[in-house]
Amino acid sequence: MDGIILGIESTAHTFSFGCVGLDGALFPSISSLFKPEEGGIHPREAADHHSDSTSKLLSKLSHSNEFDWKSVAAVAFSQGPGLGPCLRVGASVARTLSATLNVPLIGVNHCVAHIEIGRNQTGCVDPVLLYVSGGNTQVIARADGRYRVLGETLDIGIGNMLDKFARHNGIPFPGGPEIEKLASKIDGIKHNLDSVALPYGIQGMDLAFSGILTSAIQRISEGITLEEVCWSLQEHSFAACMEVAERALAHTGKDELLLGGGVACNERIREMGTLMCEERGAKCHWPDKAYCIDNGTMIAELGRRMLDSGISTKISESAINPMLRTDNTVVLWD
Ligand code: AMP
Ligand code: MG
């Protein structure tokens, strides 16, 4: 590699290092996923996992064929939003590496990174992003030099909702992939949604998922099979996301939909996105699964664009910001 940006992701469950060439070539991330033995993700335990994995991940990175510390032109890290203790580990490692290598430090907005990796990999130019991950669910579009949040969840993230439902049914974190497998056993043509009714939480352009979670748990206790409830849960929650995304396309006049975040690994949400876009003459895109879930490469990719625009972060301005909003970040690049 001949000049690279190193990116460090640590907002929640994943600690990850990834690289992007200065020309925009993407290199796969080296990651470690924190999986709680029981219960949800405790921020302190996830942060301990990140600290404990640092030397193993850095040593793997050092030994990977394409990587050379001398080629690192800048170190980018997730400055927010995310879990404070987790963000702090990534930021500390980034500051240390930037100082040791004597290269610029770049604090990046994790949500914006999901957009930029998708734009890089799929070639879409000016999309509406449906960002569906564990902690976040937002519909985002660029206007007036920022990525604006047009709609978002008013309570929990869609991935969080899937993970909690899974946990209630003995499925370990992350629950989304297993829910997808169980749901795929149901024939959507033979089944009708009324047989496994669930609430559909939309208010204007905003979404809500805690009600559907409670109802889905209730349906199981009423004796409806896990496969049926998983299927209905996907159908309802993904359709709600599509409704907001479609309205965002209509309002903005854009004709590209980009899916991002871990839930965008799901084949059914991709299919729904494709169908919705086809019906209105738009096109649906998504990056490879490895770049949908949280990864260091996407942090590097946003760092590259920021560095290109002359942006870097002084140590005195490198504090983490757990509540950082998507539209806090000024977008100076194309
Ligand atoms: P992220 O926070 O972006 O890394 O995404 C993690 C979330 O994505 C977790 O809530 C997972 O359950 C969810 N997820 C991963 N794969 C799938 C899938 N195939 N279907 C639905 N959700 C998924
Ligand atoms: Mg994410």
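The values are calculated or read from the model by the stated rules, or taken from the named source; none is laboratory data. Just so it is clear, the structure is predicted and the values come from calculations on it, not from any experiment. Cβ coordinates were reconstructed from backbone atoms using ideal geometry, including for glycine residues, and neighbour counts include every protein chain displayed. Just so you know, the surface numbers come from the protein's heavy atoms only, side chains and all, with ligands and any DNA or RNA stripped out. Shrake-Rupley method; radii C 1.70, N 1.55, O 1.52, S 1.80 Å.
Selection within region 262-278: residues that are part of a helix (DSSP H, G or I) and within 10 Å of ligand 1 (Cβ to nearest atom). The member of this set that is farthest from ILE179 (Cα to Cα) is ARG270.
This table checks each residue for (1) touching a helix residue (DSSP H, G or I) at 6+ places or on another chain (Cβ under 7 Å); (2) open to solvent by less than 30 Å² (accessible area, probe 1.4 Å); (3) not assigned by TED's automatic domain parsing to the domain that holds GLY281.
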residue: ILE189; (1), (2), (3): no, no, no
residue: ASN192; (1), (2), (3): no, no, no
residue: TYR200; (1), (2), (3): yes, no, no
residue: LEU207; (1), (2), (3): yes, yes, no
residue: GLN218; (1), (2), (3): no, no, no
residue: HIS236; (1), (2), (3): yes, yes, no
residue: ALA248; (1), (2), (3): no, yes, no
residue: LEU258; (1), (2), (3): yes, yes, no
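Looking for something in contact with a strand residue (DSSP E or B) (Cβ under 8 Å, 6 or more places away or on another chain), free of Cβ contacts under 8 Å to residues at least 60 places away in the same chain and part of a loop (DSSP other than H, G, I, E, B) - is there at least one such residue anywhere in region 50-64? Within region 50-64, one or more residues are in contact with a strand residue (DSSP E or B) (Cβ under 8 Å, 6 or more places away or on another chain), free of Cβ contacts under 8 Å to residues at least 60 places away in the same chain and part of a loop (DSSP other than H, G, I, E, B). If you filter region 228-261 down to residues that are among the hydroxyl-bearing types (Ser, Thr, Tyr) and within 24 Å of LYS181 (Cβ to Cβ), you find that the one that is nearest to ligand 2 (Cβ to nearest atom) is SER237. Considering region 171-186, and only residues there that are open to solvent by 70 Å² or more (accessible area, probe 1.4 Å) and not hydroxyl-bearing (Ser, Thr, Tyr), the residue that is nearest to PHE34 (Cα to Cα) turns out to be PRO172.
Here VAL103 qualifies as free of Cβ contacts under 8 Å to residues at least 40 places away in the same chain, in the same structural domain as GLY310 (by TED's automatic domain parsing) and at negative phi. Screening ARG88, ARG119, ARG148 for residues that are away from ligand 1 (no atom under 14 Å from the Cβ), assigned to a strand (DSSP E or B) and among the charged types (D, E, K, R) leaves exactly one candidate, ARG148. Considering ARG247, ARG268, the condition of being basic (Lys, Arg), over 21 Å from the mean Cα position of the chain (by Cα), at pLDDT 95 or above and at negative phi is satisfied by ARG247 alone.
Residue-by-condition table, conditions (1) acidic (Asp, Glu); (2) farther than 15 Å from GLY260 by Cβ; (3) open to solvent by 50 Å² or more (accessible area, probe 1.4 Å); (4) within 16 Å of ligand 2 (Cβ to nearest atom):
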| position | (1), (2), (3), (4) |
| --- | --- |
| SER55 | no, yes, yes, no |
| ASP68 | yes, yes, yes, no |
| LEU87 | no, yes, no, yes |
| THR100 | no, yes, yes, no |
| ILE117 | no, no, no, yes |
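Can you tell which of ALA143, ALA76, ALA91 is among the small types (Gly, Ala, Ser), more than 28 Å from SER237 (Cα to Cα) and away from ligand 2 (no atom under 16 Å from the Cβ)? None of the other options fit; the residue is ALA91.
Just wondering, is there one or more residues in region 125-132 that are without any contact (Cβ under 8 Å) to a residue 60 or more places away in the chain, open to solvent by 20 Å² or more (accessible area, probe 1.4 Å) and either away from ligand 1 (no atom under 12 Å from the Cβ) or farther than 20 Å from CYS241 by Cα (or both)? Looking for residues that are without any contact (Cβ under 8 Å) to a residue 60 or more places away in the chain, open to solvent by 20 Å² or more (accessible area, probe 1.4 Å) and either away from ligand 1 (no atom under 12 Å from the Cβ) or farther than 20 Å from CYS241 by Cα (or both), one finds none in region 125-132, hence no. Checking GLY188, GLY281, GLY211 one by one, the residue that is closer than 27 Å to ARG167 by Cα and not in a helix (DSSP H, G or I) is GLY188 and no other. Scanning region 308-328 for residues that are within 22 Å of THR122 (Cβ to Cβ) and surrounded by fewer than 22 Cβ atoms within 10 Å (Cβ to Cβ) returns ASP308, SER309.
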